[in-house]
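J.: Provided herewith is a single structure, encoded as C-alpha cells, for subsequent inquiry.
The values are calculated or read from the model by the stated rules, or taken from the named source; none is laboratory data. Keep in mind it's a predicted model, so treat the numbers as computed, not measured. Counting neighbours? That spans all protein chains shown, and the Cβs are built from the backbone with ideal geometry, glycine included. Ligands, DNA and RNA are stripped out before the accessible areas are found, and what is left, the full protein with its side chains, is counted by its heavy atoms. Shrake-Rupley method; radii C 1.70, N 1.55, O 1.52, S 1.80 Å.
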Amino acid sequence: MRTKPIVAVTAGTILQEMRSLNQKKADYVPRPVIDAIGRNGMIPIVLPYFEYGEVDDFISMFDGLVLTGGANPSPKFYGEEPIWSLGATNEKRDLFEIPLIQKTIAAKKPILAICRGIQIMNVAMGGTLWQDMSAQKESGSFVQHMQKFDTSMGHWISFEKGSELYDLFGEGMYVNSRHRESVKEVAKGFHVVARAKDNMVEAIESDDHLHIGVQWHPENMEEAMDPLFVHFREKVENNRK
Ligand code: MN
C-alpha cells in the first residue's frame, strides 16, 4: 500500500530548433519542480499533452495536479484575437490541459498551478487574461513582471488577509516574475489572494480552497517556498482519506 500521494505534473514541450531531432518537441518538466515535490513528500508523474485519448483516462492516476509554467495560453480560449506583442503559445497543450483542469476540479482533486498554470486554470474555468500587461496600458501595470535577471527576486506581492497564503507567509514577500500575461477577470468560483504593487493578480484560489494558482515560480525559490508545497501535500492527503 503506497503511503505518499501521487501528483501529476503537466509537461511543457520544447518547440524551437534543437541540435538533436529528438530534443525538438521533447516533453519536459523543470527539475526544480520535481525536486520540490520530492522534498515535500509527494511522488511525481509527468503528464505530457496527449491527443490520442480522453483526459478522463488520466484523472484516476493521480491524487493531485501540478500545472507547470510554459507557453502563454492562446487568447482564442478566452475569446480574444492575439495582440501584436502576445508571447509564444502552444495550443495543443491548451487543448489538453483545459479539459484536464475542468475534470480534475469536477473530481475535487487539489491543484497547485504555477505561472502559466494559474493562467490556464483561470481560462479553463471561464476567466480572462491580459495578453501583455505592459503593452495593454489599460491594465495599469507599471511593475516589471518580466524580470531580466535570475539571481534575485523581482517584485513585492501582498497577500490578502485571511487567506491561506497570508497564514503561510505573512503580509507579503518578494517573488520572482517571468510573465507577460496575467489574470484579468477571475473565473467564477475563484478569488484573488495576492497582488503586486501595480494591482496585477499574483495568486488566486478556489472558494473551496482546493485549487490554488500562483503567478511566480515557487520551485525557483528553494526552501523558502516549501511551506506552499507542504500545504499542497496536506490538501492532497486529506482529500485521499
Ligand atoms: Mn509578477
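J.: When you look at Leu100, is it open to solvent by less than 10 Å² (accessible area, probe 1.4 Å), closer than 20 Å to Val175 by Cα and at pLDDT 95 or above, yes or no?
T.: No; evaluated as a whole, the condition is false for this residue.
J.: Any idea which of (1) without any contact (Cβ under 8 Å) to a residue 12 or more places away in the chain; (2) in contact with a Cys (Cβ under 8 Å, 6 or more places away or on another chain) is the one Glu81 doesn't satisfy?
T.: (2)
J.: Report yes if some residue within segment 67-85 is among the aromatic types (Phe, Trp, Tyr), under 18 Å from the mean Cα position of the chain (by Cα) and over 17 Å from Ala124 (Cβ atoms); otherwise report no.
T.: No, segment 67-85 contains no residue that is among the aromatic types (Phe, Trp, Tyr), under 18 Å from the mean Cα position of the chain (by Cα) and over 17 Å from Ala124 (Cβ atoms).
J.: Considering only residues that are of a type in the set (Phe, Trp, Tyr) and either out of contact with any helix residue (DSSP H, G or I) (no Cβ under 8 Å at 6 or more places or on another chain) or closer than 22 Å to Thr89 by Cα (or both), look in segment 41-73 and name the one that is least open to solvent (accessible area, probe 1.4 Å).
T.: So the residue we want is Phe62.
J.: Let me spell it out: the conditions are (1) in contact (Cβ under 8 Å) with a residue 40 or more places away in the chain; (2) more than 11 Å from the ligand (Cβ to nearest atom); (3) surrounded by 17 or more Cβ atoms within 10 Å (Cβ to Cβ); (4) under 18 Å from the mean Cα position of the chain (by Cα), and Ser139 meets all of them except one. Which number is the exception?
T.: Just one mismatch for Ser139, condition (4).
J.: Residues that are at pLDDT below 95, open to solvent by 10 Å² or more (accessible area, probe 1.4 Å) and outside any helix (DSSP H, G or I): does segment 109-130 have at least one? Talk me through it step by step, then tell me what you get.
T.: We begin by selecting, within segment 109-130, every residue at pLDDT below 95; these are none.
No, the conditions are met nowhere in segment 109-130.
J.: Now, a different point. Against the condition within 14 Å of the ligand (Cβ to nearest atom), at pLDDT below 95 and within 17 Å of the chain's Cα centre (by Cα), how does Met146 come out, does it pass?
T.: Taking the combined requirement at face value, the residue satisfies it.
J.: Kindly provide the set of residues from segment 167-195 that are within 17 Å of the chain's Cα centre (by Cα) and within 13 Å of the ligand (Cβ to nearest atom), ordered by number.
T.: Once the filter is applied, which keeps residues that are within 17 Å of the chain's Cα centre (by Cα) and within 13 Å of the ligand (Cβ to nearest atom), segment 167-195 yields Val175, Asn176, Ser177, Arg178, His179, Arg180, Glu181, Ser182, Val183, Ala194, Arg195.
J.: If Val33 satisfies every condition in (1) open to solvent by less than 30 Å² (accessible area, probe 1.4 Å); (2) not in a helix (DSSP H, G or I); (3) not basic (Lys, Arg) but one, which is the exception?
T.: Every condition holds for Val33 apart from (2).
J.: Pairs only if they're at least six apart or on different chains, beta carbon under 8 angstrom, first in segment 85-108 and farther than 12 Å from Pro73 by Cα, second open to solvent by 50 Å² or more (accessible area, probe 1.4 Å) and outside any loop (DSSP other than H, G, I, E, B); list them, first residue then second.
T.: From residues that are farther than 12 Å from Pro73 by Cα, the pairs are Lys103/Asp56; Lys108/Asn239.
J.: A further question on this structure: Which one is nearest to Ser85 (Cα to Cα), of the residues in segment 144-180 that are part of a loop (DSSP other than H, G, I, E, B), in contact (Cβ under 8 Å) with a residue 24 or more places away in the chain and open to solvent by 30 Å² or more (accessible area, probe 1.4 Å)?
T.: Here the residue is Arg180.
J.: Scanning segment 196-221 for residues that are part of a loop (DSSP other than H, G, I, E, B) and over 16 Å from Ile111 (Cα atoms), which turns out nearest to the ligand (Cβ to nearest atom)?
T.: Here is the first cut: in segment 196-221, the residues part of a loop (DSSP other than H, G, I, E, B) are 197-200, 207-210, 215-217.
Subset that is over 16 Å from Ile111 (Cα atoms): 197-200.
Working: Lys197: 10, Asp198: 9, Asn199: 11, Met200: 6 Å.
It comes out as Met200.
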